[in-house]
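Peer 1: Shown below is the structure under consideration.
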Amino acid sequence: MTAAPAAQVGDAMTALARTVSQDQVIAYAEASGDHNPIHLDPEFARGVGLPGTIVHGFLEMAILTEAVARWAGGFERVAELGCRFSKPLLPGETLTCAGRVVAVDPVSGALTLQLEATSSRGERVLTNGRAVVRPDH
Amino acid sequence: MPDPSHAGRRYAAPGQRIGPERVAAYASAVSGGEQPFSPGSVPPAFAAVYCVQPALAEIFADPDLGLELAGLIHVEQSFEWPAPVHPGDVVDAAAEIISVETRRGLTFVTVGLEATNQAGATVCRGRTLLLTRGAVR
């Protein structure tokens, strides 16, 4: 039922692409309680040297985590995940999350994935991504 | 300004309720209008809300540390989820300053995070790397 149990080193994770709108950023700010004006106020964002408002890094990370969970067959399969917030994602852009299996634990069956997320402008938004997927039992 | 002497400082943000409505609003914001993945479960990245944000709020409120939100950049984030979080759980979040390093006028602060549920189980461990440009010179 899931791709992961038979996964081998080199297998690609199913990519997930999601366009993030400013409305979505506002909804994320409300739901998360992170009201930093760099995400909400274009004038403020420009005042600190950004091209405009930027998407919350934690929203990007949530989409990356969802990509792993969809491929692995459930949120409960995701044991670890980390990344570097390298470049901002701007509202209206599409974030594409990709990854591949780089290790399979011969005893437990746990998978290690290398991950990256790029923007529709071609910027590497999330780099040094890494996740560990629990075996399906 | 944070300095290396602040390593080892600990902060507590107990009593973070995993409200089902808030989880639903969060999942909806992450999905951006699509059907949320695995509705009703707590997405792992919701740790940003129940662990990282409340713990960092305590850190920002420490006048002796003097870490300010203005000019702060979130460089890296990693999580481990040893046990699942369920709607209705009440989680105690805690943080520790792992290290403070200054290089070429930039100050890097590494924060260790942990969240424990009402049964005493660790549900999340995390590490946050922050970069501050420091005071105006």
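Peer 1: Is there any pair linking a residue in segment B:1-20 that is within 27 Å of B:ALA70 (Cβ to Cβ) to one that is of a type in the set (Ser, Thr, Tyr) and open to solvent by less than 40 Å² (accessible area, probe 1.4 Å), with Cβ under 7 Å and at least six apart or on different chains, and which?
Peer 2: If the second residue must be of a type in the set (Ser, Thr, Tyr) and open to solvent by less than 40 Å² (accessible area, probe 1.4 Å), the pairs left are B:MET1/B:THR107; B:PRO2/B:THR107; B:ALA7/B:SER99; B:GLN16/B:TYR50.
Peer 1: While we're looking at this one, here's another question. Of the residues B:PRO43, B:PRO20, B:PRO63, which single one is open to solvent by 10 Å² or more (accessible area, probe 1.4 Å) and touching a helix residue (DSSP H, G or I) at 6+ places or on another chain (Cβ under 7 Å)? I'd like the intermediate steps shown before the answer.
Peer 2: On the way: B:PRO20 fails: touching a helix residue (DSSP H, G or I) at 6+ places or on another chain (Cβ under 7 Å); B:PRO63 fails: touching a helix residue (DSSP H, G or I) at 6+ places or on another chain (Cβ under 7 Å).
None of the other options fit; the residue is B:PRO43.
Peer 1: Do we find a residue being more than 23 Å from B:LEU72 (Cβ to Cβ), modelled with pLDDT under 95 and surrounded by fewer than 23 Cβ atoms within 10 Å (Cβ to Cβ) anywhere in segment A:99-106? Outline the logic, then answer.
Peer 2: Restricting attention to segment A:99-106, the residues satisfying the condition of being more than 23 Å from B:LEU72 (Cβ to Cβ) are A:99-106.
Pick out the ones that are also modelled with pLDDT under 95 and you get A:106.
Next cut, surrounded by fewer than 23 Cβ atoms within 10 Å (Cβ to Cβ) only: A:106.
Taking every residue of segment A:99-106 in turn, at least one turns out to be more than 23 Å from B:LEU72 (Cβ to Cβ), modelled with pLDDT under 95 and surrounded by fewer than 23 Cβ atoms within 10 Å (Cβ to Cβ).
Peer 1: Given the criterion open to solvent by less than 20 Å² (accessible area, probe 1.4 Å), at pLDDT 95 or above and more than 12 Å from the chain's Cα centre (by Cα), identify the matching residue among A:VAL68, A:VAL78, A:VAL9. Steps first, answer last, please.
Peer 2: Values: A:VAL68 fails: more than 12 Å from the chain's Cα centre (by Cα); A:VAL9 fails: open to solvent by less than 20 Å² (accessible area, probe 1.4 Å).
The match here is A:VAL78.
Peer 1: Also: Assess whether B:ILE97 counts as being assigned to a helix (DSSP H, G or I), at pLDDT 95 or above and buried (at least 18 other Cβ atoms within 10 Å of the Cβ). Reasoning before the result, please.
Peer 2: Details: assigned to a helix (DSSP H, G or I): no; at pLDDT 95 or above: yes; buried (at least 18 other Cβ atoms within 10 Å of the Cβ): yes.
In short, no.
Peer 1: Could you say which residue among A:GLU43, A:GLU60, A:GLU116, A:GLU80 is more than 8 Å from chain B (Cβ to nearest Cβ), assigned to a strand (DSSP E or B) and not hydroxyl-bearing (Ser, Thr, Tyr)? Talk me through it step by step, then tell me what you get.
Peer 2: Working: A:GLU43 fails: assigned to a strand (DSSP E or B); A:GLU60 fails: assigned to a strand (DSSP E or B); A:GLU80 fails: more than 8 Å from chain B (Cβ to nearest Cβ).
On inspection, the qualifying residue turns out to be A:GLU116.
Peer 1: Of the residues in segment B:28-62, how many are among the β-branched types (Val, Ile, Thr) and either under 14 Å from A:THR65 (Cα atoms) or touching a His at 6+ places or on another chain (Cβ under 8 Å) (or both)?
Peer 2: We begin by selecting, within segment B:28-62, every residue among the β-branched types (Val, Ile, Thr); these are B:30, B:42, B:49, B:52, B:59.
With the extra rule that they be either under 14 Å from A:THR65 (Cα atoms) or touching a His at 6+ places or on another chain (Cβ under 8 Å) (or both), the set shrinks to B:30, B:42.
The total comes to 2.
Peer 1: Give segment B:15-41 a look and list any residue that's at pLDDT 95 or above, more than 7 Å from every other protein chain (Cβ to nearest Cβ) and in contact with a strand residue (DSSP E or B) (Cβ under 9 Å, 6 or more places away or on another chain), or say none.
Peer 2: B:GLY15, B:GLN16, B:ARG17, B:ILE18, B:SER31
The values are calculated or read from the model by the stated rules, or taken from the named source; none is laboratory data. Note that the structure is a prediction, hence the values are computed from the model and not measured. Counting neighbours? That spans all protein chains shown, and the Cβs are built from the backbone with ideal geometry, glycine included. These area figures cover heavy atoms from the full protein model, side chains too; ligands, DNA and RNA do not enter into them. Shrake-Rupley method; radii C 1.70, N 1.55, O 1.52, S 1.80 Å.
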